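The values are calculated or read from the model by the stated rules, or taken from the named source; none is laboratory data. Since this is a predicted model, take the numbers as computed values, not measurements. Glycine also receives a Cβ, built like all others from the backbone with ideal geometry; neighbour counts cover every protein chain displayed.
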């Protein structure tokens, strides 16, 4: 049984519906590749190094810094982010309802399910059925984890979904990618060409069955990796060498080697010093 990512409520007008938020996607495990040195197949390691001391830094000693001017930073730690996220972090405040068809798919980002608590069943069903009837969605802002998101609440079968959306300034308009709008407007399509294209699309039309699509590339890579393994193309990376002695140990070794190559003069006796 999956656990909710967030608990709070949907709020619109004076209506408040307690809900839990669950992920709406089932991510297939990504193919993970280790990075190796092609010369000897040894592991490549990444470390968090202090550029002044040259020493590795633990996560507990790392804070985030925003460079507000050249080489001038403002530091923020987890407590700062928690304080900023306190307000409205437990409510999906619907500010308006808009026709679902008015929102371009480009704005939709990540799907979640809203699951009602027992106390909110009636309000949940009422909102869902109202949105279905009007073909509208609710637009809201909410805080998930440490960041604010734009979202829409939409009906889906028996449920209400929450789709995290991109803000307008996060969406790239066609003119920003040198899209040839002017050339396309000048392009003429004949009625005959359009009729043939319509016939082709209609001939290829079929009901939407999302379950028939899967990641062929993922399957091909895993099949190829297993084949190479069965053919004996596998190895174990070499063990890393022991840590080099510290600078102090190095110095002691150099002193001992220097000493071994020299004759030591006998100490003067007390009579000789007189």
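The condition (being free of Cβ contacts under 8 Å to residues at least 24 places away in the same chain, closer than 30 Å to residue 79 by Cβ and loosely packed, with under 10 Cβ neighbours inside 10 Å) is satisfied by just one residue among 178, 169: 169. Do you know which residues across the stretch 34-80 are more than 26 Å from residue 147 (Cα to Cα) and part of a strand (DSSP E or B)? Within the stretch 34-80, 36, 43, 49, 56 qualify. Looking only at residues in the stretch 64-96 that are surrounded by fewer than 10 Cβ atoms within 10 Å (Cβ to Cβ), over 13 Å from residue 143 (Cα atoms) and out of contact with any strand residue (DSSP E or B) (no Cβ under 7 Å at 6 or more places or on another chain), which one is modelled with the lowest pLDDT? Restricting to residues being surrounded by fewer than 10 Cβ atoms within 10 Å (Cβ to Cβ), over 13 Å from residue 143 (Cα atoms) and out of contact with any strand residue (DSSP E or B) (no Cβ under 7 Å at 6 or more places or on another chain), the top hit is 79. Scoring residue 118 on the criteria (1) crowded, with 19+ Cβ neighbours inside 10 Å; (2) within 16 Å of residue 9 (Cβ to Cβ); (3) out of contact with any strand residue (DSSP E or B) (no Cβ under 6 Å at 6 or more places or on another chain) leaves a single failure, condition (1). Selection of first residues in the stretch 224-243 that are on the phi < 0 side of the Ramachandran plot and surrounded by fewer than 10 Cβ atoms within 10 Å (Cβ to Cβ) and of second residues that are modelled with pLDDT of 70 or more and in a loop (DSSP other than H, G, I, E, B), restricted to Cβ pairs under 8 Å at least 6 apart or on distinct chains, gives the following pairs, ordered by first then second residue: 235/41; 240/42. Among the residues of the stretch 129-151, write down those that are in a strand (DSSP E or B), in contact with a helix residue (DSSP H, G or I) (Cβ under 8 Å, 6 or more places away or on another chain) and either surrounded by 20 or more Cβ atoms within 10 Å (Cβ to Cβ) or on the phi > 0 side of the Ramachandran plot (or both). If the condition is that a residue be in a strand (DSSP E or B), in contact with a helix residue (DSSP H, G or I) (Cβ under 8 Å, 6 or more places away or on another chain) and either surrounded by 20 or more Cβ atoms within 10 Å (Cβ to Cβ) or on the phi > 0 side of the Ramachandran plot (or both), then 136, 137, 138 are the ones that fit. Scanning the stretch 201-222 for residues that are part of a helix (DSSP H, G or I) and loosely packed, with under 10 Cβ neighbours inside 10 Å turns up 201, 202, 203, 204, 210, 211, 212, 216, 217.
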